[in-house]
Amino acid sequence: MKKILLTTIMSLGLASIGYSGTTNDYPKASWAFSGYASPDAALESWTWAMFKGDKAAMLRSLTPEAQKEWEKLLAGKTENQLKADGAKAPGGYTIQKREVSDDKAILHISMAGGPVMKMELRRIGKDWKVAGPKND
């Protein structure tokens with residue numbers, strides 16, 4: 001379970017975004033709670049909460065389906081354990097490409113020059129929420 005959680009955090013956590021609209025590079029030190037008004041902001045809020053160990057805020061950033069999966073993954077994990085896992089994350093990421101429609105977004109991201117992965121986000125009402133990795 002610990003290995004699955006860490007692997008998921010490392011692969012999903014590459015998606016945090018301090019979106020300014022002028023850059024695609026986001027160092028870990030810039031990650032913050034940014035709300036849910038855009039796909040970039042929602043992903044940043046989710047990742048920030050995960051790496052800060054704020055389980056409740058992290059779960060609020062997810063779609064209902066993803067919440068159920070993450071509740072299982074995080075069962076029994078303390079905030080200190082989540083913080084320790086988050087401390088192992090690489091120092092930043094780059095958004096390589098954005099595919100955004102009215103209710104769905106795919107962000108192509110890479111961590112520290114690593115391989116590109118796709119993260120899916122969905123609009124729920126007025127808010128964007130993280131659905132998880134997009135597997136083709």
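The values are calculated or read from the model by the stated rules, or taken from the named source; none is laboratory data. Because the structure is predicted, anything quoted here is derived from the model rather than measured. Don't worry about glycine lacking a Cβ; one is built from the backbone with ideal geometry, like all the others, and counts go over all protein chains shown.
A few points about this structure:
- Spans of helices (runs of 4 or more DSSP H) in the stretch 26-74 with at least 2 residues under 13 Å from Met119 (Cβ atoms): 39-52
- Of all residues in the stretch 110-136, exactly one satisfies the criterion of being farther than 17 Å from Lys97 by Cβ and at pLDDT below 90, namely Ala112.
- Of all residues assigned to the stretch 14-31, at least one qualifies as being at pLDDT 80 or above, crowded, with 17+ Cβ neighbours inside 10 Å and out of contact with any Pro (no Cβ under 9 Å at 6 or more places or on another chain).
- Qualifying residue in the stretch 58-68 (condition: surrounded by 13 or more Cβ atoms within 10 Å (Cβ to Cβ) and without any contact (Cβ under 8 Å) to a residue 12 or more places away in the chain): yes
- Applying the condition of being within 11 Å of the chain's Cα centre (by Cα) and farther than 25 Å from Ser101 by Cα to the stretch 32-57 and asking which residue is surrounded by the most Cβ atoms within 10 Å (Cβ to Cβ) yields Met50.
- Of the residues making up the stretch 101-130, those that are among the small types (Gly, Ala, Ser) and either surrounded by 21 or more Cβ atoms within 10 Å (Cβ to Cβ) or over 14 Å from the mean Cα position of the chain (by Cα) (or both) are Ser101, Ala105, Ala112, Gly113, Gly114, Gly125.
- Lone qualifier among Trp48, Trp70 - being on the phi < 0 side of the Ramachandran plot and modelled with pLDDT under 90: Trp48
- Remark: pairs (first residue in the stretch 97-115, over 18 Å from Asn135 (Cβ atoms) and without any contact (Cβ under 8 Å) to a residue 40 or more places away in the chain; second residue polar (S, T, N, Q) and surrounded by 14 or more Cβ atoms within 10 Å (Cβ to Cβ); Cβ separation under 6 Å; 6+ apart in sequence or on different chains) are absent.
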